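A short worksheet on the structure shown next.
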């Protein structure tokens, strides 16, 4: 079977990171430590105390951009970082807003602007992580896109909605009107797998006009926390890899940068590395989502 990937590689691996939070706030420490106590989670309690000590010593547990860059640079790959501009406000009368908005960042932060430019200068792709309410608010999403483009100095081509919030087909129509080349929001938040039933990127179809919506959907396959909460995660990932190989499609990973945290040791970085090594062994083409999108569109035009 002929595939669209360079040198007819059997499938592609797309690497990405959603930057939901750039720092761990004091309220989050209180939340996690108190939760560990109430659930008698001794390991979690020690882990968050260790992280708190690091924070008090001036080490931000969530600021792992350099660590990720060094890791990916060592194995010769690049990924996509989706940055958010969340300006929703915490409302004490609505507890849910604590989780949604406390500890978030905006694109006005000079440190965020610096790391965005630093990543792009090193060859990493920068995409927009649409804020919680932007999935059905064209004006809001357009404003966020404009802010990120001002930092970069060029158009932003990719988007993934926060919490994978997607109203079909309205969100895709908004993406197309705003000039995004691709979206990668179609996936699961509590499990892994191919939500659309295919590993191959596709143009969604407008159910009214029966015409394609011109934003390429690159489905999200595996997200870190849902995977690691499953029994036998290696077996679960293997099934996804086999489907991508069989279809000549894409396995898309989303590994949050906050989980590459040496003060809260978990198996997340090791699993990320294991999946990449396995896909390398199987001959996958490994790239950012933007590169995947460009290659797919080029191959489609050459038919």
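Values in this text are rule-based calculations from the coordinates and carry no lab data. Bear in mind that the values here come from a model prediction, so they are computed numbers and not experimental data. Neighbour counts run over all protein chains shown; Cβ positions are idealised from the backbone, glycine included.
Compute the FRET efficiency between residue 228 and residue 208 as 1/(1 + (r/R0)^6), taking r as their Cβ-Cβ distance and R0 = 51 Å, and round to the nearest 0.05.
Details: r = 40 Å, r/R0 = 0.79.
For R0 = 51 Å, the calculated efficiency reads 0.80.
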Take 279, 293, 240 and order them by how many other Cβ atoms sit within 10 Å, fewest up front. 240, 279, 293
Sort out for me the Cα centre separation of region 160-238 from region 55-84, rounded to whole Å. 24 Å
Calculate the FRET efficiency for residue 9 and residue 235 from the Cβ-Cβ distance with a Förster distance of 25 Å, rounded to the nearest 0.05. 0.60
For the residues 222, 205, 115, 250, what sequence is obtained by ranking on other C-beta atoms within 10 Å, fewest first? 205, 115, 222, 250
Rough spin-label spacing in nm, given labels placed 7 Å along Cα→Cβ, for residue 34 and residue 298: 5.4 nm
For residue 118 and residue 282, compute 0.36 nm times the residue count separating them, minus their Cα-Cα distance, and round to one decimal in nm. 55.9 nm
Per-residue Cβ neighbour rank within 10 angstrom, fewest leading, 214, 84, 56, 69: 56, 214, 69, 84
On a C-alpha basis, how far is the centre of region 137-158 from the centre of region 242-294 in Å? Whole number, if you could? 26 Å
Report the gain in length on full extension from residue 191 to residue 273: 0.36 nm times residue separation, minus Cα-Cα distance, nm rounded to one decimal. 27.5 nm
For residue 56 and residue 198 in the same chain, what is the full-extension length gain: residue separation times 0.36 nm, less their Cα-Cα distance, in nm? 46.5 nm
